[in-house]
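First comes the structure, then the notes that go with it.
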Amino acid sequence: MPDRDAKDRQLDGSRVPSDKLNMTTDQGIRVDDTDNSLRAGTRGPTIMEDFHFREKLTRFDHERIPERVVHARGAGAYGVFQLYEPLGDLTSAAFLNDTSTPTPTFVRFSTVAGSRGSADTVRDVRGFATKFYTTQGNFDLVGNNFPVFFIQDGIKFPDFVHAVKPEPHNEIPQAQSAHDTFWDFVQLQPESLHMIMWLMSDRAIPRSYRMMQGFGVHTFRLVNASGQGTFVKWHWRPVLGTYSLVWDEVLRIQGNDPDYNRRDLWEAIERGAYPEYELCVQLVPESREHDFDFDLLDATKIIPEELVPLRPIGRMTLNRNPQNFFAETEQVAFHTANVVPGIDFTNDPLLQARNFSYLDTQLLRLAGPNFPQIPINRPINEVRNDQRDGFHQHLIHESRTSYAPNSISGGCPAAMDGYRHYQEKVEGHKIRMRSPSFEDHYSQATLFWNSMSNWEKQHIVAAFLFELGHVERKPIKEGVVRHLGQIHPDLATQVAEGLGLPAPAMAQVHAGTSPALSMTDQPQSVATR
Ligand code: HEM
């Protein structure tokens, strides 16, 4: 049994023992019979007065809450993060400076497109969201298992998700990217192509959550005590290595065990085979912001590791399963804007949108503004402010005042070591326009293709054929194939042939002329049978 960390001890106050010998109503009234409703005569109608019956049914009727609008299906686990060495030169974040006390964490892995009841082993992106319960408050690293994203600006997110989700008329298909709306979006939005290459690769069918990488995707910022900033990309690397399934396995497992990844995570933790991930950073000094042929603010781009190597900074061990799926895994609320002093944002327009969207959706999903009081979401340090009231207020605030400044009961003075936003100089015209530095949608897709071994390329082509094979409208398929021609002629030719389409006119812009870089962050894995 691992040592009990601060979060585990905090949860003691919320745990209800499993003993049900003395059943009560929610009001604490002992129940004498829960098998028979109160009736007028043994064969007569049920009587309204039966408060136990009404409460039991009402509570049941209200058990479901809205599923997450994306990433609805997930599995969670608690863990601890151990820092290797203090990072004071880079960040003032306490948990990135203290090697003596591990930081408690909660991780939720998820698929993106499917509903809560969908199968685990679908071709999809996987979420890898981590909540660090630090002594300075919660830091959420809300990442995916791919290092890039489909879109560059968060204003496109509703369009993208509407295209990905089942088609509106018949809710088909449930969880896969094998349909017209998805590929229509892709052909009209070529910024998605780099991500599409990852999605058609074996990375989209991970063998296990224990064998999956995680990425913060965006460029974030570390800020040290002197206010100096450094750009950072976050990477989780599984200690077991990165492994994928192959497509035949996927199809079979979906039928045999739709809970395959969820079960694997649960059982590994139960038997003490704790999943471990190394946290690594790619660091870019602010002086090098414009040294690359892509924009650091563009979430459809990686920073190749040849240009900026990974630096391991610590290790997370998942060592405890939740006790109640709904209370913990379903009610956990991650948010990219949950940062601690020493960690800050950049102007990546996708990140900026996320910083709005998560809180907004959680106000609906978790019914009001008090969801940070739900045990899984509570920080381990004390929460003090003048916020009050709202649905499901669980706390009794003793103060007679809830405004600042005030002269009656002291108010809530701001902390001297409080969160200070990075003082970035910003100027420009108010304008709705994508930066020209975001324009290249093909080079890194080509880089990805070129970094693949032959069998990996075969799997990618097969995936395109399977997914596009389900698309009804020929012009959509042709549109996608035209883009593939911009990525690599071999890819476009093979996909066109497989679909019975004419080979597209090759632009040859990038094919064969992609940078001499390989992407060392690409699957070193083997597909396993
Ligand atoms: C949920 C990752 C882009 C909105 C999630 C979750 C993850 C994630 C891991 C699941 C959290 C959980 O387990 O509870 C990402 C990544 C993105 C991205 C890595 C891009 C780099 C976006 C964008 C938006 C967005 C651009 C909106 C503008 C949402 C929403 C949820 C969600 C609304 C549901 C949250 C909830 O109900 O608690 N995302 N996402 N995401 N994401 Fe994203």
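Taken together, the values in this text are just the output of simple stated rules run on the coordinates, not laboratory data. These figures come from a predicted structure and were not determined experimentally. Positions of Cβ are generated from backbone atoms using ideal geometry, with glycine treated the same way; all protein chains shown enter the neighbour counts.
A few points about this structure:
- Residue-span extension gain [N454 to Q174] - 0.36 nm each, minus C-alpha spacing: 97.7 nm
- Cα centroid of the stretch 169-203 to Cα centroid of the stretch 139-153, whole Å: 17
- Rounded if a/c under 1.5, otherwise prolate or oblate - the stretch 458-499, Cα gyration tensor axes: oblate
- Taking a ≥ b ≥ c as the square roots of the eigenvalues of the Cα gyration tensor, the stretch 173-251 is oblate, since a/c reaches 1.5 or more and a/b is not larger than b/c.
- Per-selection Kirkwood Rh - the stretch 215-284 (Cα, Å, 1 d.p.): 15.3
- Cα centroid of the stretch 1-57 to Cα centroid of the stretch 345-383, whole Å: 31
- FRET efficiency estimate (nearest 0.05) - Cβ-Cβ, N347 to D417, R0 25 angstrom: 0.45
- FRET E, pair T99, V239, Förster distance 25 Å, beta-carbon r, rounded to 0.05: 0.85
- Both numbers refer to the Cα atoms of the stretch 294-422; Rg and Dmax are 19.1, 60 Å.
- Label sites at V383 and K425, each approximated as a point 7 angstrom past Cα along Cα to Cβ, lie 3.9 nm apart.
- For the stretch 60-153, alpha-carbon Rg over 2.2 N^0.38 Å: 1.35
- Rounded to the nearest Hz, the phi-derived 3J(HN,Hα) couplings of the stretch 483-497 under the Karplus curve 6.51 cos²θ - 1.76 cosθ + 1.60 (θ = phi - 60°) are 5, 4, x, 6, 8, 6, x, 4, 4, 5, 5, 5, 5, 4, 4, where x marks glycine and proline.
- Placed amide H near R320: partners under 5 Å, 5+ positions off or other chain: Y78
- Diffusion coefficient of the stretch 294-349 by Stokes-Einstein, Kirkwood radius over Cα pairs, 10 °C, 1.306 mPa s: 102 µm²/s.
- Across the stretch 344-353, coupling constants 3J(HN,Hα) worked out from phi with the 6.51/-1.76/1.60 Karplus curve, θ = phi - 60°, read 9, 9, 10, 8, 3, x, 6, 5, 4, 5 Hz, and Gly and Pro carry x.
- Principal semi-axes in Å for the stretch 354-482 [√(5λ), Cα gyration tensor, largest first]: 51, 23, 17
- Computed over the alpha carbons of the stretch 1-59, Rg followed by Dmax gives 18.1, 57 Å.
- Fully extending the segment from F326 to R64, taken as 0.36 nm per residue of separation minus the present Cα-Cα distance, adds 93.3 nm.
- Equivalent ellipsoid semi-axes, the stretch 62-115, via Cα gyration tensor eigenvalues times 5, rooted, Å: 34, 12, 10
- Cα principal axis extents for the chain, largest first, Å: 79, 68, 49
- 222 nm mean residue ellipticity, helices alone, for the chain (DSSP H n ≥ 4; -39,500 (n - 2.57); rounded to 500): -7500 deg cm²/dmol
- Calculated log₁₀ intensity ratio I(q)/I(0) where the Debye formula runs over C-alpha points of the stretch 1-107, q = 0.24 Å⁻¹: -1.27
- Compactness check for the stretch 143-300: Cα Rg over 2.2 N^0.38 Å is 1.23.
- Over the stretch 234-334: Kirkwood hydrodynamic radius from C-alpha pairwise inverse distances, Å: 17.2
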